[in-house]
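The structure appears below as structure tokens.
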Amino acid sequence: MNGTGTGNGTGNNGNGTNNGPLLTLRAALILLLGTLTGLGAGILTWLGGASPAQAVLAGAGASALAVTFFNALID
């Protein structure tokens, strides 16, 4: 507490801005789908016989592409 709030329990942090959500529902869904896609691609790559480092790189690339794809798809 910095002593500049109103003290009425309305959720203000004292500088005139509200404490809204950190991420919107749309952004959270897009990031979740991208993460799940990356995990799936990484696991399948590793199970296919690639080294763990290659699987991580494949998963990261798939995750980045999935976030771009789902960002364009979900409007």
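A short reminder: the numbers here are calculations on the coordinates, not readings from a lab. As the structure is a computational prediction, the values presented were derived from the model and not from experiment. Neighbour counts are summed over all protein chains in view; Cβ atoms, including those assigned to glycine, are modelled from backbone coordinates with ideal geometry.
Given labels modelled 7 Å from the Cα in the Cβ direction, how far is it in nm from Ser51 to Thr35?
Placing both labels 7 Å beyond Cα along the Cβ direction yields 2.8 nm.
How long are the semi-axes of the ellipsoid equivalent to segment 27-72, from square roots of 5 times the Cα gyration tensor eigenvalues, in whole Å, largest first? Could the numbers behind the result be given before it?
Numbers: eigenvalues 91, 14, 9 Å².
So the three semi-axes of segment 27-72 are 21, 8, 7 Å.
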